[in-house]
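S.K.: Would you mind keeping the following structure in view while I ask a few things?
The values are calculated or read from the model by the stated rules, or taken from the named source; none is laboratory data. None of these values were measured; they are calculated from a predicted model. Positions of Cβ are generated from backbone atoms using ideal geometry, with glycine treated the same way; all protein chains shown enter the neighbour counts.
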Amino acid sequence: MGTRILGTGSYLPPKTVANGDLAKALDTSDEWIFSHTGIHSRHVAEEGETTSTMAAKAARSAMEAAGVSPEEIGFIVLATSTPDYATFPSTACLVQGILGCANAGAFDLQAACAGFVYALEMARGWLKLNPGRKALAIGAECLTRILDWTDRSSCILFGDGAGAVVLGDDGQGDGEGPKARTILGADGSGRHFIQRTGGTMTSLPLDPETGIPQAPKPFLPHLSLMGHEVFAFAVKTMSRITEELCALYDEKPAALDRVFAHQANGRIIEACARRMKLPLGKFWLNLQETANTSAASIPISLDQAVRAGELKDGMKVVLVGFGAGLSFGGTYMTWPAL
Ligand code: UT7
């Protein structure tokens, strides 16, 4: 049986914040932000909205598109760096509960902005071991809750949202084995480039008498990034992975119909296009309105392309992302076969 993406969905919170709104609170301007990033505005979760509620909306929409009921889902993998709870319970478990996927295992995956590529690969692998079942791969983020809104070099970049795909067998069967190929990678030497502290790396002072760790002072750690370093890494890595994926099929990137690259900065995508000598029109670009939604950016793009009728069966497609870790990954697929 061939594994397929059976349906896509996405959700963006209705509230938007334009660059001009940021300029009222920060020493910045629409002109600077747009010319340096390609971003005009971003969606921001309001009270009551969280990563899990956005993820559930995207997933429900993907299940409707696929014609799949919650009970049919056997596996939920949710990529996020902004879980509802600091660590547990997982956001995927919350989504499982909201959707009523009574027969599904559920877990979170953290590979930052590359997370959706990893999640898709996990879901694809699970389906190969459980043929005939259905899986949900989700990327969802509520990044606006972990930003330092006084840091103009980082807070202007990000937005909230969620995207999801339902995977399963289409019942046709092609008998030729997997169509898609994936490359996943990491480079921990770049761990300082994008960070959010606040984990167990910070040791607690021990009470000298009892040896019991003392309660930490409450604080809300923010995302920080080294923009130049990430920029250079992103251009080099996304184009290299795309070229390597194409080489697995004895092809050049020119053979691709569409590239869904992580939407971090329009200039990063333009530089990738130049490097691979691909027309920019082959890249899906939506960060003008969505900004960087990290793990959600690729599945949101996919859903938009599907709903716009721009992603047709048989198209050669690469999904490629990079992010904190550093982590990166790409999948070459002939839409919608995996
Ligand atoms: O998905 C993974 C996470 N994403 C990233 O890590 C993003 C990757 N990096 C980038 O997108 C770009 O490096 C940035 C958009 C973050 C920065 O763009 P840049 O063209 O590399 O600008 P820069 O950092 O070289 O800053 C140039 C100037 C600086 O002023 P001085 O030192 O030249 O006087 C900054 O202080 O622009 C200033 N600046 C700003 N000015 C107005 C930085 N941010 C802003 C701002 N508004 N928002």
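S.K.: Can you tell me how many residues in the range 38-60 are under 17 Å from the mean Cα position of the chain (by Cα) and either of a type outside the set (Lys, Arg) or not in a helix (DSSP H, G or I) (or both)?
M.R.: Residues flagged as under 17 Å from the mean Cα position of the chain (by Cα) and either of a type outside the set (Lys, Arg) or not in a helix (DSSP H, G or I) (or both) within the range 38-60 amount to 13.
Here is a yes/no grid of residues against (1) modelled with pLDDT of 95 or more; (2) among the polar types (S, T, N, Q); (3) farther than 28 Å from residue 32 by Cα:
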{"position": "256", "(1), (2), (3)": "yes, no, yes"}
{"position": "267", "(1), (2), (3)": "yes, no, no"}
{"position": "273", "(1), (2), (3)": "yes, no, no"}
{"position": "285", "(1), (2), (3)": "yes, no, no"}
{"position": "290", "(1), (2), (3)": "yes, yes, no"}
{"position": "310", "(1), (2), (3)": "yes, no, yes"}
{"position": "317", "(1), (2), (3)": "yes, no, yes"}
{"position": "330", "(1), (2), (3)": "yes, no, yes"}
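S.K.: Look through the range 229-256, keep the residues that are of a type outside the set (A, V, I, L, M) and closer than 15 Å to residue 185 by Cα, and return whichever of them is nearest to the ligand (Cβ to nearest atom).
M.R.: By that ranking, first place goes to 233.
S.K.: Considering only the range 61-81, state which residues are β-branched (Val, Ile, Thr) and in a strand (DSSP E or B).
M.R.: 73, 76, 77 - these are the residues of the range 61-81 that are β-branched (Val, Ile, Thr) and in a strand (DSSP E or B).
S.K.: Now, a different point. Any idea how many residues of the range 73-111 are of a type in the set (D, E, K, R) and closer than 19 Å to residue 125 by Cβ?
M.R.: So the answer is 1.
S.K.: Would you check if residue 86 is surrounded by 23 or more Cβ atoms within 10 Å (Cβ to Cβ) and either among the polar types (S, T, N, Q) or not assigned by TED's automatic domain parsing to the domain that holds residue 309 (or both)? Reasoning before the result, please.
M.R.: Details: surrounded by 23 or more Cβ atoms within 10 Å (Cβ to Cβ): no; either among the polar types (S, T, N, Q) or not assigned by TED's automatic domain parsing to the domain that holds residue 309 (or both): yes.
No: the conditions fail for residue 86.
S.K.: Right, here's the next one. Restricting to the range 273-294, name every residue that is within 24 Å of residue 229 (Cβ to Cβ) and either in contact (Cβ under 8 Å) with a residue 40 or more places away in the chain or within 13 Å of the ligand (Cβ to nearest atom) (or both).
M.R.: Across the range 273-294, the qualifying residues are 275, 285, 287, 290, 291, 292, 293, 294.
S.K.: If I ask for residues that are more than 8 Å from the ligand (Cβ to nearest atom) and of a type in the set (Gly, Ala, Ser), which ones from the range 257-272 would you list?
M.R.: Correct list: 261, 266, 271.
S.K.: Okay, next question. Could you tell me which residue of the range 186-216 is surrounded by the fewest Cβ atoms within 10 Å (Cβ to Cβ), considering only residues that are in contact with a helix residue (DSSP H, G or I) (Cβ under 7 Å, 6 or more places away or on another chain) and not in a loop (DSSP other than H, G, I, E, B)? Quick ask: steps written out before the conclusion?
M.R.: Initial filter on the range 186-216 (in contact with a helix residue (DSSP H, G or I) (Cβ under 7 Å, 6 or more places away or on another chain)): 190, 193-194.
Still in the running and not in a loop (DSSP other than H, G, I, E, B): 190, 194.
Working: 190: 18, 194: 25.
The qualifying residue surrounded by the fewest Cβ atoms within 10 Å (Cβ to Cβ) is 190.
S.K.: Now a separate question. Quick one: is residue 55 out of contact with any Cys (no Cβ under 7 Å at 6 or more places or on another chain) and in contact (Cβ under 8 Å) with a residue 40 or more places away in the chain?
M.R.: yes
S.K.: Related question: Can you tell which of 102, 119 is surrounded by 20 or more Cβ atoms within 10 Å (Cβ to Cβ) and either in a helix (DSSP H, G or I) or not acidic (Asp, Glu) (or both)?
M.R.: On inspection, the qualifying residue turns out to be 119.
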